[in-house]
Amino acid sequence: MRGGPVARAVRGGVSRRRLRTIVIGLVLLVSTGASVLALALVVDSSSPFDHAFAAQRGAHIAASIDTAATTPADLAATTRRPGVTAAAGPFPTAAVLVQAAGTPGTLPPLTLAGRASPGGPVDDLTLESGHWPQRPGQLVLEFNQASNFQFSLPLGTRMTVTSVPGHPKLTVVGEASSITNSASGWVVPAEVPALRAPGSPPSVQMLYRFRGAATDAAIHADTAAIGAALPPGSLTGTQSYLSAKATQISQIGPFVPFLVAFGVIGLVLSVLIVANVVSGAVVAGYRRIGVLKSIGFTPGQVVAAYTGQIAVPAVVGVLAGLVVGNLLASMLLRQTANVYGVGTLGVPVWVDVAVPAGMLALVAVAAVLPAVRAGRLSAVRAITAGRAPRTGRGYAAHRLLGRLGQGKLALPRPVTIGLAAPFARPARSTATLVAVLLGATTVTFAVGLGASLGRVVEGLSRASAQPVQIWSNSSRDDYNLTSADQRAIVTALRSQPGTLRYTDETNAPAGLAGQSVRVAATAFTGKAGWTGYPMIHGHWYTGPGQIVASTGFLGMTDKTVGDTVTITFGATSIPVRIVGEDFAADNRGVSVVTDWRTLAAASPAMAQPDQIDVALRPGISVSAYAQAVGNRLGAGYAVNVNSRKSVVVNLMFGVIGLLTLMLAVVAGLGVLNGVVLQTRERVHDLGVFKALGMTPRQVIAMVVCWVAGVGLLAGLLAIPAGMALHGYVLPVMASSANLGLPATFLNVYLPWELAGLALAGVVIAVAGALLPAGWAARMRTAAALRAE
């Protein structure tokens, strides 16, 4: 078979049509890479906590145990309880307050654990940067904890422990991630006793995995079994992985739809562009197919020969794209894991198998179908179909555009010839139109998606409205602000230039009358409409007895704006009227916002403020303001810079930008492939034009105009297509996260943006046509004429 006619035809087609071979290989490379990246994002964005929990052998329960009343034998007995499949520990722990140089106030309280190494049978930590502590004075921060500080704590940062005498120093030497946030940081075990506050009981942490722990009831039963193996009162606290999972789902819920939506769009467009390019390459080879049939090739041999010519570069491109896709995915998935707070995410093995197999199957179908059709044609008909357009096609367009070449505002003749050329080959022009349309639609959708994403992040963080937040670093069990705390903070704010307004904020659990449902309730003092909650329907509350509810709350209670509902706060039922629906993701989208007096009337003790939100005057530096207020208040208070946009936005924009670029490149390669085929097909015509005096610049202008008109049409069609896709996908994906979207999140396209987007198709088309246009301009006239 190696020297058979089919094999020789395959080798000849691959070597003779090198540019076509390269283009197909590049299209498959970029498309496979984009598909691996997109599918990995889609898969890992579906239950990312579960993926990372399994990979890191997360702890179902993290138990805090008082060692003053226990022995090592007691701790060992807990690991042998029925249902326990793995355990790690004991790890000595200490709760500390620390101050980092150059940061406002004291950091939030940290729980430090002593571990000799990051690995283990339970809670296998992922070291994100730096190294593990090797001696006293070294600290590894929990990666997500470090991200939540809202200011940079790079490796080498010196920290002072303010909660113990002597104020020992710690140096940040690394960052590690725990899927369940088992600790805020880790030090060597020998250092923990020196970090415990005077009078604090010695405690250790034990980590357990159980055979069955899918529900709260199972977790409670397992916890009771652990407690039964210990002396009474020694099990001082437990942390369930289900709580960490619920928190993670609540935090990432609004962002997952964006990754999933763009990943799916990228996957679909990659498939369509590959099918378009491959089938176009086979259709353009009709003349060669006719030649093969004239020398005795059977229809089956024709199909085999042309499928083989496509398969060779396709296999090379797919394998290279698999490598590129995994490299890109590994970088982006690490950032995705950081945003999700789940430690480690990777490309699933089945994705690395399914994408290449799917791409090669797609290539086979896209190549075989037109090849089978061509193989059934007679030799003469195949040669005729591949050599010239049908008689009469495009003549009317040439005559009409020729008239534009007359008069004072006449278009150059090479331009009119180029603009009329698509009408002679409507099928091929349609293929080019589809390729450009897909790329331009992606660009239009990406622009809208990026703008909507920015508004979603701003709406969730409310960083522009309340860029500074202040709370207490008290060692009390709760972090509510006392009257003295409030007076101290208000005094500091009033004396600090740049303060525009501020309000007390209370965050407390509420419920629904007659139901065991948790509702996240937020209450403000005074007129707090400026705090930045985006409104979907209705208006902000105007007094006590009114609430602004989230989409999830309305769906759960089957209520709408204007209805009355009864919430419970403490032991008191409070009838309230729903006056608005806001965009909020707290507590999985089940939350309400109200006037402080609504809750205080039911339970003043429970309605104590826990933070103060601050708005600044225009032009004030947020970081400098926070630093000044933090210095004025001292170590007893945390001054938070409300800006968690960087990590999320950088990731999302990175994904959107990368996939958009890759799909635009694939679309441009599709155009390049079409223009190359058309240039080779019309090589004799180009020779005639050059013999009649057409200059190289005029040749370039003519060839570029072959696709410029098609590109402009594709750009114009892409605007409504991309906007429709944006308007459909975003609400659907937001509803999957139990969210509604304000109209301002959807109406994001500006008039000047639409004008620029209309040219996206022209840019893609011209970029794809420049290379073959240059080749045509450099072609020698005699060589072109002999091509007949």
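Here are the numbers:
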read-out: Residue selected from the range 696-709 under the condition open to solvent by 10 Å² or more (accessible area, probe 1.4 Å) and of a type in the set (A, V, I, L, M, F, W, C), by the criterion nearest to Thr781 (Cα to Cα); value: Ile700
read-out: Among the candidates Ala446, Ala397, Ala435, residue that is aliphatic (A, V, I, L, M), part of a helix (DSSP H, G or I), open to solvent by less than 30 Å² (accessible area, probe 1.4 Å) and at pLDDT below 75; value: Ala397
read-out: Subset of the range 154-168 that is within 22 Å of His131 (Cβ to Cβ) and in a loop (DSSP other than H, G, I, E, B) - its residue that is least open to solvent (accessible area, probe 1.4 Å); value: Thr157
read-out: Filter result for Ser621 (within 22 Å of Leu153 (Cβ to Cβ), open to solvent by 10 Å² or more (accessible area, probe 1.4 Å) and modelled with pLDDT of 85 or more); value: yes
read-out: Qualifying residue in the range 598-616 (condition: under 35 Å from the mean Cα position of the chain (by Cα), modelled with pLDDT of 90 or more and among the small types (Gly, Ala, Ser)); value: yes
read-out: Answer residue from the range 684-695, given it is open to solvent by 20 Å² or more (accessible area, probe 1.4 Å), closer than 14 Å to Gly418 by Cα and part of a helix (DSSP H, G or I) and is modelled with the highest pLDDT among those; value: Phe689
read-out: Single residue of Ala635, Ala607, Ala602, Ala584 found to be under 30 Å from Val443 (Cα atoms), touching a Ser or Thr at 6+ places or on another chain (Cβ under 7 Å) and part of a loop (DSSP other than H, G, I, E, B); value: Ala584
read-out: Matching option when the condition is crowded, with 21+ Cβ neighbours inside 10 Å, among the hydrophobic types (A, V, I, L, M, F, W, C), touching a helix residue (DSSP H, G or I) at 6+ places or on another chain (Cβ under 8 Å) and not in a helix (DSSP H, G or I), among Val565, Val592; value: Val592
read-out: Among residues of the range 412-428, those that are open to solvent by less than 20 Å² (accessible area, probe 1.4 Å) and either part of a loop (DSSP other than H, G, I, E, B) or of a type in the set (S, T, N, Q) (or both), counted; value: 1
read-out: Condition check for Val355: buried (at least 22 other Cβ atoms within 10 Å of the Cβ), modelled with pLDDT of 70 or more and within 17 Å of Leu37 (Cα to Cα); value: yes
read-out: Members of the range 329-352 that are at pLDDT 75 or above, surrounded by 20 or more Cβ atoms within 10 Å (Cβ to Cβ) and part of a helix (DSSP H, G or I); value: Ala329, Val351
read-out: Residues located in the range 515-561, provided they are out of contact with any helix residue (DSSP H, G or I) (no Cβ under 7 Å at 6 or more places or on another chain), crowded, with 18+ Cβ neighbours inside 10 Å, under 20 Å from Ser573 (Cα atoms) and of a type in the set (Gly, Ala, Ser); value: Ala549
read-out: Candidate set: the range 225-244, residues that are within 22 Å of Pro121 (Cα to Cα) and open to solvent by 60 Å² or more (accessible area, probe 1.4 Å); chosen: the one nearest to the chain's Cα centre (by Cα); value: Ser243
read-out: Candidate set: the range 570-586, residues that are in contact (Cβ under 8 Å) with a residue 60 or more places away in the chain and in contact with a Gly (Cβ under 8 Å, 6 or more places away or on another chain); chosen: the one nearest to Val517 (Cα to Cα); value: Ala585
read-out: Condition met for Leu754 (open to solvent by less than 50 Å² (accessible area, probe 1.4 Å) and either on the phi > 0 side of the Ramachandran plot or in contact with a strand residue (DSSP E or B) (Cβ under 9 Å, 6 or more places away or on another chain) (or both)); value: no
read-out: Members of the range 59-75 that are in a strand (DSSP E or B) and aliphatic (A, V, I, L, M); value: Ile61, Ala62, Ala63, Ile65
read-out: Residue in the range 552-559 that is assigned to a loop (DSSP other than H, G, I, E, B) and closer than 23 Å to Ser464 by Cα present; value: no
read-out: Condition check for Pro731: within 26 Å of Thr432 (Cα to Cα) and either open to solvent by 70 Å² or more (accessible area, probe 1.4 Å) or under 40 Å from the mean Cα position of the chain (by Cα) (or both); value: no
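Every residue, every condition in (1) open to solvent by less than 40 Å² (accessible area, probe 1.4 Å); (2) assigned to a strand (DSSP E or B); (3) on the phi < 0 side of the Ramachandran plot; (4) hydrophobic (A, V, I, L, M, F, W, C), yes or no:
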| residue | (1), (2), (3), (4) |
| --- | --- |
| Leu19 | no, no, yes, yes |
| Gly33 | yes, no, yes, no |
| Ala40 | yes, no, yes, yes |
| Val43 | yes, no, yes, yes |
| Ala52 | yes, no, yes, yes |
| Ala77 | yes, no, yes, yes |
| Pro82 | no, no, yes, no |
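The values are calculated or read from the model by the stated rules, or taken from the named source; none is laboratory data. These figures come from a predicted structure and were not determined experimentally. Neighbour counts are summed over all protein chains in view; Cβ atoms, including those assigned to glycine, are modelled from backbone coordinates with ideal geometry. Calculation scope for accessible area: heavy atoms of the full protein, side chains included, ligands and nucleic acids excluded. Shrake-Rupley method; radii C 1.70, N 1.55, O 1.52, S 1.80 Å.
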